[in-house]
Each structure stands twice: as structure tokens, then as C-alpha cells.
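The values are calculated or read from the model by the stated rules, or taken from the named source; none is laboratory data. Everything numeric in this text was worked out from a predicted model, so none of it was measured. Cβ placement follows ideal geometry from the backbone for every residue including glycine, while neighbour counts extend to all protein chains displayed. Surface areas here come from the heavy atoms of the whole protein model, side chains and all, with no ligands, DNA or RNA. Shrake-Rupley method; radii C 1.70, N 1.55, O 1.52, S 1.80 Å.
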Amino acid sequence: MSSAVHRDDIGSKIGMWLFIFTELLFFGGLFIVYSVYRFKNPVAFHLAAEELDVMIGTVNTVILLISSMTVAMSITAVQLGERKRAILLLSITVILALVFLVNKYFEWSSKIGHGIYPGSETLIELGTGEVLFFGLYFSMTGLHALHLLIGVTILIVMLAKVINSSVNTGYFVQLENSGLYWHLVDLIWIFLFPLFYLIS
Amino acid sequence: MSSNNLPEPSYLEYKGRFKGLFAWIFSTDHKRIGLLYLYSIMTFFIVGAILGLLMKFELIAPGKTIMDAKTYNGIFTLHGITMIFLIVIPGLPAVFGNFFLPILIGAKDVAFPRLNLLSWWIYIFGAVVALSSQFLGDGPPDTGWTFYAPYSFKTTTNMLPAVMGAFILGFSSILTGLNFIVTIHRMRAPGMTWLKMPLFPWTLYGTAWIQLLATPIVGITLLMIVAERTLQIGFFDPALGGDPVLYQHLFWIYSHPAVYIMILPAMGVISEILPTFARKPIFGYKAIVVSTILIAFIGYFVWGHHMFTAGMSGTAQFAFSFLTFLVAIPSAIKVFNWISTLYKGSIQLRTPFYWAASFIFVFMIGGLTGLVLGSVATNVHVHDTAFVVAHFHFIVFGGVGFAFLAALHYWFPKIYGRTFDEGMANTGWVIFFIGFLFLYFPMFILGLKGMPRRYFDYVQDFHGLNIVSSMGAVLMIFGFFLLFINLVRSARFGKPASKNPWGGPTLEWQIASPPTVENFDKIPKITKGPYDFTNVKPD
Ligand SMILES: [Cu+2]
């Protein structure tokens, strides 16, 4: 309840970086589980990975990489005072994120359509290695998609703030932090993509 | 006092945007948030203590005494969840860290006051979710607080809310840690270099890093248990190719460092109190700082000592045992420093000192019996016996609990601006301390004799010592009741306290009791170390 408003942009950014560490460790737990079970079931993981569509995976990787670039450019645009360009770049980022989610939706529903989902009869018949692979696939990409959803919500809020100029050349640390979060979402996918799609 | 002669209102009286209860539960003032945590934690502690007492009543005689096995399982699970996740892990950082960290480093608040309030709300939300497990679904959880797989997803009891509650509470812990790290990096008063920072903030700093780096692992692990129960994901289910021992690894990767989340700030509190009552700078300030960092770091690599009997290679047993012995060294360094601080000091026997001194005593017993558990051969003998229960109660209740009560008595005059009745406080301490020893010490012997933990029943041979232990519990609760009533009464009716009733050297004793909303009229300039007693006198 201090009367003087305390502003410390560097402090905010340190806070965001610390939060990103915690997110990385959060996924880190699943990466540990992945490495243990891949070590134990190399053949099953190899075969199961062939079921995944490398094409969709690659497209989604490219989409996220471009979106990371556009969000970084939007920060520069805000710093330079080019509000209109920032709005355009942020909108592109949001659209790319939504395209990623649509792709993910089709990918998941085709798997589920073939009866491959945690706890399904078909999957259990395939064998324990496959059960673990797809368990990891669904939980890791699912958790990633959840983070992406949170990220896109934050970006939409940021877009609104750039539009009403409450994020501007003099105050843009919120946008920078949102950008950092978005890069995190991107980074995690960069690890997920080879681990699930490229090991076949 | 402000320059216009009108005293500024204290943080207790300050009128903000909201009135009544709302002025507290929506306050972003670090001191009010500290008290919110204090009251919530005290409430949960009373619940947890009653559950513990019920267990002791059950164990007063072999066979069914007051409850059946199923109820007993539910009660020790809830006792564990409440005590660990709701009280001991948040405990010292959330209450005294929130209240005194900014003051001790000469700041007006933490770095992110609104995030701080959010942490409390998340804490309350997590607590409600965790406790709802008792009332909803098919009966209370019965896995113990460790939620071991595969039982945690095979049992039909209401596990989900308990696991989700622990998950949510993790967020609160992470956000508090994050807030403290940024606060310590960015908000120290001018002139307060790292090595001029008092030791309680130093230990909070070490703790905050553990909160930040270890909690996410247990977070994701608990989510995996949720997924295991709801989706049959198979990670820990042997029938689906999973490995239950992997769960234990992931769980203890967090939960051993969590012990240091609990004990490091306790060590910080003791390092604040002893110099004040010895009227002498702390001995080996730098050694305490370095050992704090070492404990935080090495504590990360010892988790395997919880799993010596769970199936582990000889090499791994050796490594984990060795590292466990290694982490004991910095803790011992601290004990030596505390004792040396007292050496040739002019010791004043006041209530906080009694608590601090008894802390050292019980902490040493807890620490040394920890080494019995850390070496593989003895561990196998006492694994899952009452010995383990005695050991960790000496650490997390004897250590953290005593430090908590030490801190509460030490800072009470600052928090409420009133002094307490020392006679009654000391009586409460003596009874509590003796009760504590009678309650837990027999459990070491019972454990060595082979009494397993987590059973509502035991063979006739163990009867005598169990009676002693149960009587100790009653005595200890009575002592707690005395000191609790004393503090509640003194908070309302105690004599007004001066700025520096104990003669403490650190910054909190240079401001009003209770502090003003802004803590400091002017941010102080720091020129000397934290435990410099020149010109410091009790007033
Ligand atoms: Cu441990």
C-alpha cells in the first residue's frame, strides 16, 4: 500500500527470467521421464514415432519460429514508436499461434480417431513401449499447447494495450516479458519436435 | 515520526481503500500479508496438532483404541499434508520473511507487492482444495503425504483434491521465492552490500532459490499422478510399462530440498536472535553465509537417501550416502558458529533466547540421527520405523517449529507494538520443551526396537514407551496452549513496546513498534555490518 508507485523495469525482467526457469524445470520433469523410458524402450519409441506426421510437425515448427520473430519485431517497433507496425506484427503473431493450435487439433483428432489415446484398448494392445510413447506425446504436447494458449491470451492483452497506447515507447517492459514467455513456448517446442517426430 | 510532529499511523491502524476484513485480505502491504499468513498458518497448525494428538491417543495402547485402521490412515495422511504443505514449507518465509525481509534490508516493501498478495490467495485456494479431499468423494486420502505410486492412483479414496491442492500450493511457494529473490537483488538500501546483509535475508535468499528450482519438479510429478488417475497414462504403472520407483525419484528430487526450504530460514532466525541476547556480533558471519549457499546447493543431490531400500545400485547408494554426509558439514558449521557466538557473550536469559537455545539442542539431535539414516547399513535397519518419524519431527518440528516460536517471541513487540508476559511465556516454553522431548525421544528407541511407522497397532512389547510418548504429546500441547493464550492476550492488552526492547542491532529495531506503513521515513544509508553493537542499547 505504498503511496509512491514503485517501478523497476530491470526487476520485472529478472522476475520474468526466474519464472521462465521454473517453467523449464516444470517441463524438465517430463523430459526426465521421456529419457528414462526412451532408454528402456528404444525400438518401441522408434516404431511409435513413425505414426506421427512429420509434415504437420515441421509446419508447426516453422510457424512458431516465425511467430517468435514477429513478436520480437513488435517489441522493436514499440520501442521505436511505430505503433501501427507493432499492432500488425502482434496480430500476425496471434494468428500464427492460432494456426498452430488448429494444426494440433487435427493432429490429435486423427490419432484419437485411430483409437490412439491414453488408456485406449488399441494402444494397450500395441504394447507398453507404445503406451509410454503416446502417454508422453499427449502429455507433453498437451502441456505445451496449454502454455501456448496462455501465451496467446497474454499476447492478445498486449495487443489491446498497444492499441490503447498503455504500452508505448516509454513503457514496454510488459510487452518484453510477454515476448520472453512466447520465446519460452517456442523453445520448448524446439525440443519436443525432434524428440517425438524425428526419431523414427 | 514525520517532521510535522504528528505520528504517522502504524500499519495496523492505517486506513486504505477498504475497511474491516477487506483492508487485510486485499492489502498489498508486506506486513499485513505476513500477518495473514501467520493467522492462516496458526489455524492450520491447530488442526494439524489435533490430528497428531488423535494419533497419539490411538497409539496409547495396542489394538484399536479410539479409531480403526482406515481412519488412522486418513488422519496421518491429513496430518502430513497439513503440516508439510500448509505450515512448515510456507511457514517462516511467508510469515517472518514477508514481514521482516523488506525491513531488514531497508526497503519499503517487496519487489512485487500485488504478486505477494496473489501468493496468499493461491495459498488459501490450495488449502481449501487440499482440505476438501476430506469431505468429498469416497473418503479421505490414505497414502500418506508422499502420494507414493502406484497406490496413489489405485486407491479409491479421494486423492485428486489432495494432489491438486499440493500442486496449487507449489505455485504460491514459487511466487514467494521469486518475489524475494528480486527484492533482495534490487531493493537493498544504499550501502547494504551482500556481505552487510543480515543472515535471515541471506537464508531467505538460499531458500527462495530452492523454492524456485525444486518446486516445479514436484508440480509436474503431481500432475503426472493426476493424469495417471484420470487418463491411465502409465508412467508409474507397472502394468502399463511404467516404473513406480521413478515416481519416488521425482518426488524426492523436490522433497529433500524442501527440507532445506523449511530449515534454512529457521537457521536464519536463530542467527538473528543469538547475537542480540549474547550482546555480541555473530561468530563467523561469512562461514554462515557460505554454509547457507552450500546447503542449498548440495541439498539438491542427496534425495536418494529416502530410497535406499527401494531398489538402487550399490554405486548409487554409496554416492547418495556420501553426499548426505557432505551436506551435514555446513549444518554443523552453523551450530559451531552459534555456540561460539555465545562464548564470552553477556547472555540475557529472555524468552526468545530460551527458544533459540532449545532449537540448537533439538536440531543437533535431529541432525545427528539424520546421519544414522544417511548411512546405508543403519538406514536399512531403521527404514520405515518410528525412528524416521522421530528424526524428522526433531528437524521439522523441533527445528522449524522452535525457530518459528523463537521468531514469534523475538519479533512480537515489533509486530504488535506490545510486550508479552515473559513469565507465562517461559512457563509455556519449559512445558512445551519437556513435552516435546517425552513425545519424540521414545520414538527413536521404539524405531530401533523395530516398531514400524504408519500402523494404528503394535505388539505388546512397545506399550511402555508409547505411553510415555502419548503423555509427552499431551504435555506439549498444554505448553503450547499456555504460550498461545499468552501471546493472544498480550497482542491486545500487553504494555506498549519501545522501539528496541531487546537491544537488537539490525534495522527493524531502529523503526517504530509497530512499524509505519512505509517502514522508514527515509531509506537508511548502511555503513556498518549487520551485527555491530556500537551505540545499540535496549530502550
Ligand atoms: Cu532427505
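If you check A:Val131, A:Val94, A:Val102, A:Val167, which single one turns out to be open to solvent by 30 Å² or more (accessible area, probe 1.4 Å) and either in contact with a Leu (Cβ under 6 Å, 6 or more places away or on another chain) or farther than 24 Å from A:Thr76 by Cβ (or both)?
Working: A:Val131 fails: open to solvent by 30 Å² or more (accessible area, probe 1.4 Å); A:Val94 fails: open to solvent by 30 Å² or more (accessible area, probe 1.4 Å); A:Val167 fails: open to solvent by 30 Å² or more (accessible area, probe 1.4 Å).
Unique residue meeting the criteria: A:Val102.
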query: Out of (1) over 19 Å from the mean Cα position of the chain (by Cα); (2) facing chain A (nearest Cβ under 8 Å); (3) without any contact (Cβ under 8 Å) to a residue 60 or more places away in the chain, the odd one out for B:Arg186 is which?
result: (3)
- request: Would you check which residues across the stretch B:293-312 are in a loop (DSSP other than H, G, I, E, B) and within 16 Å of the ligand (Cβ to nearest atom) and list them?
  value: B:Val302, B:Met307, B:Phe308, B:Thr309, B:Ala310, B:Met312
message: Take the residues in the stretch B:220-231 that are open to solvent by 10 Å² or more (accessible area, probe 1.4 Å) and touching a helix residue (DSSP H, G or I) at 6+ places or on another chain (Cβ under 7 Å); name whichever of them is modelled with the lowest pLDDT.
response: B:Arg229
- prompt: Across the stretch A:87-136, what is the total count of residues that are within 20 Å of the chain's Cα centre (by Cα) and polar (S, T, N, Q)?
  reply: 4
message: Condition first: out of contact with any Gly (no Cβ under 8 Å at 6 or more places or on another chain), surrounded by fewer than 20 Cβ atoms within 10 Å (Cβ to Cβ) and not small (Gly, Ala, Ser). Now tell me which residues in the stretch B:57-74 satisfy that.
response: B:Phe57, B:Ile60, B:Pro62, B:Lys64, B:Thr65, B:Ile66, B:Met67, B:Asp68, B:Thr71
- request: Give the number of residues within the stretch B:474-525 that are part of a loop (DSSP other than H, G, I, E, B) and closer than 30 Å to B:Val47 by Cβ.
  value: 2
- prompt: Picking from B:Phe462, B:Phe480, B:Phe438, which residue would you name as being under 26 Å from the mean Cα position of the chain (by Cα), touching a residue at least 60 places away in the same chain (Cβ under 8 Å) and within 28 Å of B:Ala390 (Cβ to Cβ)?
  reply: B:Phe480
field: Inter-residue pairs, beta-carbon under 6 Å, first within 14 Å of another protein chain (Cβ to nearest Cβ) and in the stretch B:255-267, second near the ligand (Cβ under 9 Å from one of its atoms) and not aliphatic (A, V, I, L, M), 6+ apart
entry: B:Pro257/B:Gly299
query: Of all residues in the stretch B:195-246, how many are small (Gly, Ala, Ser), facing chain A (nearest Cβ under 7 Å) and assigned to a helix (DSSP H, G or I)?
result: 2
- request: Have a look at B:Thr315, B:Thr276, B:Thr230 and point out the one that is under 27 Å from B:Tyr151 (Cα atoms) and either of a type in the set (S, T, N, Q) or more than 16 Å from the ligand (Cβ to nearest atom) (or both).
  value: B:Thr230
- request: Scan the stretch B:89-119 for residues that are in a helix (DSSP H, G or I), open to solvent by less than 20 Å² (accessible area, probe 1.4 Å) and out of contact with any Ser or Thr (no Cβ under 7 Å at 6 or more places or on another chain) and jot them down.
  value: B:Gly91, B:Leu92, B:Val95, B:Phe96, B:Gly97, B:Asn98, B:Phe99, B:Phe100, B:Ile103
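Just the residues that are open to solvent by 10 Å² or more (accessible area, probe 1.4 Å) and either assigned to a helix (DSSP H, G or I) or among the hydrophobic types (A, V, I, L, M, F, W, C) (or both), please, taken from the stretch A:187-200. Please lay out each step first, then the result.
Initially, the stretch A:187-200 is screened for residues open to solvent by 10 Å² or more (accessible area, probe 1.4 Å), giving A:187, A:190-191, A:193-195, A:198-200.
Those that are open to solvent by 10 Å² or more (accessible area, probe 1.4 Å) and either assigned to a helix (DSSP H, G or I) or among the hydrophobic types (A, V, I, L, M, F, W, C) (or both): A:Leu187, A:Ile190, A:Phe191, A:Phe193, A:Pro194, A:Leu195, A:Leu198, A:Ile199.
Out of A:Lys84, A:Lys13, A:Lys40, I need the residue that is among the basic types (Lys, Arg), within 14 Å of another protein chain (Cβ to nearest Cβ) and within 30 Å of A:Gly170 (Cα to Cα). Which one? Explain how you work it out, then say what you get.
Values: A:Lys84 fails: within 14 Å of another protein chain (Cβ to nearest Cβ); A:Lys40 fails: within 30 Å of A:Gly170 (Cα to Cα).
After ruling out the rest, the residue left standing is A:Lys13.
Can you tell me which residue within the stretch B:120-149, out of those that are hydroxyl-bearing (Ser, Thr, Tyr) and part of a loop (DSSP other than H, G, I, E, B), is most open to solvent (accessible area, probe 1.4 Å)? Lay out the reasoning, then the answer.
From the stretch B:120-149, those hydroxyl-bearing (Ser, Thr, Tyr) are B:123, B:132-133, B:143, B:146, B:148; that's our starting set.
Okay, now just the ones that are also part of a loop (DSSP other than H, G, I, E, B), so B:133, B:143, B:146, B:148.
Numbers: B:Ser133: 1, B:Thr143: 15, B:Thr146: 10, B:Tyr148: 64 Å².
This residue is B:Tyr148.
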field: Long-range neighbours under 8 Å by Cβ, at least six apart or interchain, first residue in contact (Cβ under 8 Å) with a residue 24 or more places away in the chain and within 14 Å of chain A (Cβ to nearest Cβ) within the stretch B:306-331, second within 15 Å of the ligand (Cβ to nearest atom) and not aliphatic (A, V, I, L, M)
entry: none
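Please find, among B:Val362, B:Val327, the residue that is within 16 Å of the ligand (Cβ to nearest atom), out of contact with any His (no Cβ under 8 Å at 6 or more places or on another chain) and closer than 30 Å to B:Phe438 by Cα. Before the answer, list the steps.
Working: B:Val362 fails: within 16 Å of the ligand (Cβ to nearest atom).
The unique qualifying residue is B:Val327.
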Which numbered condition A:Ile20 fails, given (1) away from chain B (no Cβ under 12 Å); (2) among the β-branched types (Val, Ile, Thr); (3) over 28 Å from A:Ile116 (Cα atoms): (1)
task: Can you tell me which residue within the stretch B:253-273, out of those that are surrounded by fewer than 24 Cβ atoms within 10 Å (Cβ to Cβ) and over 30 Å from B:Phe353 (Cα atoms), is nearest to the ligand (Cβ to nearest atom)?
output: B:Ser255
query: Is there a residue in the stretch B:150-172 that is surrounded by 24 or more Cβ atoms within 10 Å (Cβ to Cβ), of a type in the set (A, V, I, L, M, F, W, C), within 14 Å of another protein chain (Cβ to nearest Cβ) and under 22 Å from the mean Cα position of the chain (by Cα)?
result: no
query: Here is a list of conditions, (1) away from the ligand (no atom under 16 Å from the Cβ); (2) assigned to a helix (DSSP H, G or I); (3) open to solvent by 20 Å² or more (accessible area, probe 1.4 Å), and B:His249 meets all of them except one; can you say which number that is?
result: (1)
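Consider A:Val62 carefully, then state whether it is free of Cβ contacts under 8 Å to residues at least 40 places away in the same chain and either at the interface with chain B (Cβ under 8 Å from one of its Cβ atoms) or surrounded by fewer than 17 Cβ atoms within 10 Å (Cβ to Cβ) (or both). Spell out the reasoning first.
On the way: free of Cβ contacts under 8 Å to residues at least 40 places away in the same chain: yes; either at the interface with chain B (Cβ under 8 Å from one of its Cβ atoms) or surrounded by fewer than 17 Cβ atoms within 10 Å (Cβ to Cβ) (or both): yes.
Yes; evaluated as a whole, the condition is true for this residue.
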